[in-house]
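Quick notes on the structure that follows.
The values are calculated or read from the model by the stated rules, or taken from the named source; none is laboratory data. Remember, predicted model here, so these are calculated numbers, not experimental data. Ligands, DNA and RNA are stripped out before the accessible areas are found, and what is left, the full protein with its side chains, is counted by its heavy atoms. Shrake-Rupley method; radii C 1.70, N 1.55, O 1.52, S 1.80 Å.
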Amino acid sequence: MAVRVAHLIYGLGLGGLEQLVVHLAVRSRARGIESSILALGHDGPMRDLARKEGIAVELLPVDGMSLSALIGIRRELEKRGASVLHAHDLGPWLNGVAVR
């Protein structure tokens, strides 16, 4: 059984952190880790890059910590069967802690 990891980030812009998450997800496959990306906030070019690499991406168009953000994150974790939530940066981390 593969380990399923959901990476939680803020937005899908073309920043260094976002690129790192896509590369981490791609390289994790060799270790039997199935990754997906959950993004809070705004859409951007990283969605296409991740999808070209075969990484599932879901945009939750919510900012900050809110009930709708927490419900959306929880729903996506359950839908993907993710056993690990890897939050990147402070905002996503705070949301991730509140969800788990």
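Summing -39500 (n - 2.57) over the DSSP H runs of n ≥ 4 in the chain and dividing by its residue number, what mean residue ellipticity at 222 nm do you reach, to the nearest 500 deg cm²/dmol?
That calculation yields -13500 deg cm²/dmol at 222 nm.
Heavy atoms of the protein only, probe of 1.4 Å, neighbouring chains included. What is the accessible area of Asp48 in Å², nearest 10?
90
Just how much of Arg80 is accessible, in Å², when a 1.4 Å probe is used and the result is rounded to the nearest 10?
Roughly 40 Å² of Arg80 is accessible to a 1.4 Å probe.
Expressed in nm to one decimal, what extension gain is obtained for the pair Ile71 and Ala30 from 0.36 nm per residue of sequence separation less their Cα-Cα distance?
11.6 nm
For the chain, set up a GNM with springs between Cα atoms under 10 Å and report which of Gly64, Gly41, Gly15 has the largest fluctuation.
With Cα springs under 10 Å in the chain, the top fluctuation among Gly64, Gly41, Gly15 is at Gly15.
Heavy atoms only, probe 1.4 Å: what % of the accessible area of the chain goes to carbon and sulfur, would you let me know?
Using a 1.4 Å probe with all protein chains present, the chain comes out at 57 percent carbon and sulfur.
How big is Rg to Rh over the chain, alpha-carbon atoms, Rh as the Kirkwood inverse-mean-distance radius? It would help to have the intermediate numbers written out before the result.
Numbers: Rg = 12.2 Å, Rh = 13.2 Å.
Answer for the chain: 0.93.
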